[in-house]
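No lab work stands behind these numbers, since they all come straight from the coordinates. Because the structure is predicted, anything quoted here is derived from the model rather than measured. We place every Cβ from the backbone using ideal geometry, glycine too, and count neighbours over all the protein chains shown.
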Amino acid sequence: MWLKDLDKKLEELNIIFKVDEPLAPYTSIKIGGPCKRMIFPEKEKSLLKILKFLENSEIPFFVLGGGSKLLVSDKGFEGVVINFCKFKGIEITEENEKKIILKILAGTRINEIIGMGIRKGFGGLEFLGGIPATLGGAIKMNAGAFGNTISQLVKNIRIYKNGKIKNIKSEESLWEYRKFKENGIVISTELEMERMEKERVKELLKKYLEKRKKTQPLFEKTFGSVFKNPPTYYAGALIEACNLKGYQIGSAKISEKHANFIVNLGDAKAEDVLQLIKLVQEKVFLKFGIKLEPEVNFLGCSL
Ligand SMILES: Cc1cc2nc3c(=O)[nH]c(=O)nc-3n(C[C@H](O)[C@H](O)[C@H](O)COP(=O)(O)OP(=O)(O)OC[C@H]3O[C@@H](n4cnc5c(N)ncnc54)[C@H](O)[C@@H]3O)c2cc1C
């Protein structure tokens, strides 16, 4: 019954949607069955209206960014996936000779922000170059690499929570390792970028991409690091020490290049990946007494 009411509302709000849409193509690991509806809001007004409608109607929903840290069940999700891919845009709100402030909608790809930096001469995010994430997903996960995190660039965050919009000034206490602590849906964010020569931005991007290519299976179906690094250890080193590089369940394999990456060799099932995650946890716990905590988000499935 809720599907009928939802479709009517979506048409009323002019929001594009797909029916029984498989999720696999929308994730970087390319796994996952269908959702009842996948919706593609483009404007803030209609996004907020549909969020309120879904909450008031108690319809289960999930916010999808770039799907680059997500494992979806093979059975899919009996609810609505809000795909942010069309909710994007970058606006310069302030600039001087040193800094440039950008207001960016949550569905904007990290690579688009870096690309604009190359065209307009600003930088700061190159360390995340090459990852298929959106700004919203990167904020939610406090994405980071090579000793930097996105939180270092964030000035303000606009979130939707309990039917209301909240503007949050970024401060250190709101962030932890791979986590933005405030609950809610990220609508937009202000980032403070640094003025830079275009050639310098390109150079930095190249440097980081080369580092990634050397150590990570960047062009395979993965979701980046599977586990968080436990304090003072690297998850990859612990997994490697258990001789698990190359270990395979079904078509899911622990990368030969980086032990903290699981690769979908073609037709891996969510169940294969879950089994592999559990096996790694068991082996690492037996050898080191350390319980590795997954960094991956799960939809419709769990460990
Ligand atoms: C090849 C590769 C390399 C990677 N390298 C790195 C790396 O170096 N560092 C790193 O940190 N990560 C890395 N990742 C993982 C991933 O890109 C990040 O975790 C990223 O932050 C996820 O963003 P996303 O938009 O894809 O989010 P998704 O995977 O779509 O979602 C992740 C979570 O965020 C939530 N979410 C998404 N958008 C919003 C929103 N607007 N509001 C509220 N919640 C939202 C989702 O509901 C979900 O819970 C890598 C991934 C790949 C495939």
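If you take the square roots of the eigenvalues of the alpha-carbon gyration tensor of the stretch 133-240 and sort them as a ≥ b ≥ c, do you get rounded (a/c under 1.5), prolate (a/b over b/c) or oblate?
It comes out oblate by the Cα gyration axes.
Each residue of the stretch 250-263 in turn: what ³J(HN,Hα) in whole Hz from Karplus with 6.51, -1.76, 1.60 and θ = phi - 60°, glycine and Pro shown as x?
Values per residue, Gly and Pro as x: x, 9, 9, 9, 6, 4, 6, 7, 8, 5, 8, 10, 9, 10 Hz.
Measure off 7 Å from each Cα along the Cα-to-Cβ vector at Y234 and E199, then give the distance between these two points in nanometres to one decimal.
Distance between label points: 3.3 nm.
With all pairs of different alpha carbon atoms counted, what Kirkwood hydrodynamic radius in Å does the chain show?
In the chain this quantity evaluates to 20.3 Å.
Given R₀ = 35 Å, FRET efficiency for R119-N167 by Cβ-Cβ distance, to 0.05?
For R119 and N167, the calculated efficiency is 0.75.
Scan the chain and hand back the longest stretch that contains none of the chymotrypsin sites (Phe, Trp or Tyr not before Pro) lying in DSSP loops with at most 12 other Cβ atoms within 10 Å.
1-145
Using θ = phi - 60° and the Karplus form 6.51 cos²θ - 1.76 cosθ + 1.60, what ³J(HN,Hα) does each residue of the stretch 147-155 get, whole Hz, x for Gly and Pro?
For the stretch 147-155, the Karplus curve yields x, 10, 9, 4, 3, 5, 9, 7, 9 Hz.
For V296, V80, which order do you get if you count the other beta carbons within 10 Å of each Cβ and list the fewest first?
Final ranking by Cβ density, sparse to dense: V296, V80.
Compute the length gained on full extension between E78 and K245: take 0.36 nm times their separation in residues and subtract their Cα-Cα distance, giving the result in nm to one decimal.
That works out to 56.6 nm of additional length.
Taking only Cα atoms and a 10 Å spring cutoff, compute GNM fluctuations for the chain and point out the largest among E58, E78, E21.
E58
Rounded, prolate or oblate, given the Cα gyration tensor of the stretch 95-150, with a/c below 1.5 counting as rounded?
Details: a/c = 1.66, a/b = 1.44, b/c = 1.16.
The shape class here is prolate.
Taking neighbour Cβ counts within 10 Å as the exposure measure, how do T108, T134, T232, T149 sort from fewest upward?
Fewest to most other Cβ atoms nearby, the residues stand as T232, T149, T108, T134.
Using just the helices of the chain, give the 222 nm mean residue ellipticity in deg cm²/dmol: DSSP H runs with n ≥ 4 each add -39,500 (n - 2.57), and the total is spread over all residues, rounded to 500.
-8500 deg cm²/dmol
What residues qualify as long-range amide H neighbours of I165, i.e. H under 5 Å apart, gap of 5 or more or another chain, H built at 1.01 Å from N?
It is none; the list stays empty.
Please report the relative contact order for the chain, taking Cα pairs under 8 Å with a sequence separation of at least 6, and give it as a percent rounded to a whole number.
17 percent
Connecting C-alpha atoms closer than 10 Å in a GNM of the chain, tell me which of G115, G76, G289 has the biggest fluctuation.
Of G115, G76, G289, the most mobile in the Gaussian network model is G289.
Given R₀ = 45 Å, FRET efficiency for Q275-K98 by Cβ-Cβ distance, to 0.05?
Between Q275 and K98 the formula returns 0.30.
Suppose each label sits 7 Å from its Cα in the direction of the beta carbon; what would the Q152-K179 distance come out to in nanometres?
2.2 nm
Using modelled backbone amide H atoms (1.01 Å from N, in-plane), which distant-in-sequence or interchain residues come within less than 5 Å of N229's amide H?
Hits under the 5 Å cutoff: A235.
Length gain on complete extension for the stretch K45 to F285, per 0.36 nm per residue less the alpha carbon to alpha carbon distance?
Between K45 and F285, full extension yields an extra 81.6 nm.
For each of S151, S302, count neighbouring Cβ atoms within 10 Å of the residue's Cβ, then give the residues from fewest to most.
Numbers: S151 19, S302 9.
So the residues, fewest neighbours to most, are S302, S151.
Give me the three principal axis extents of the stretch 208-303 from the C-alpha atoms, as integers in angstrom, largest value leading.
Dimensions of the stretch 208-303 along the principal axes of its Cα atoms: 33, 33, 23 Å.
If r is the Cβ-Cβ distance from W2 to N297 and R0 is 25 Å, what FRET efficiency results, to the nearest 0.05? Numbers along the way, then the final one.
Numbers: r = 24 Å, r/R0 = 0.97.
Efficiency for this residue pair is about 0.55.
Distance in nm between label sites at E112 and T215, each 7 Å beyond Cα in the beta-carbon direction?
2.9 nm
Can you work out ³J(HN,Hα) from phi for every residue in the stretch 273-285, in order, using Karplus 6.51 cos²θ - 1.76 cosθ + 1.60 and θ = phi - 60°, giving whole Hz and x for Gly and Pro?
In residue order, the calculated couplings are 5, 4, 4, 5, 4, 5, 4, 4, 4, 5, 5, 5, 5 Hz.
What are the trypsin sites (Lys or Arg not before Pro) within the stretch 123-198 that DSSP puts in a loop, where the Cβ has at most 12 other Cβ atoms within 10 Å?
K181
L23's amide H: which non-local residues (gap 5+, or another chain) put their own amide H closer than 5 Å, with H modeled 1.01 Å from N in plane and none for Pro or chain starts?
So L23 has HN proximity to G33, C35.
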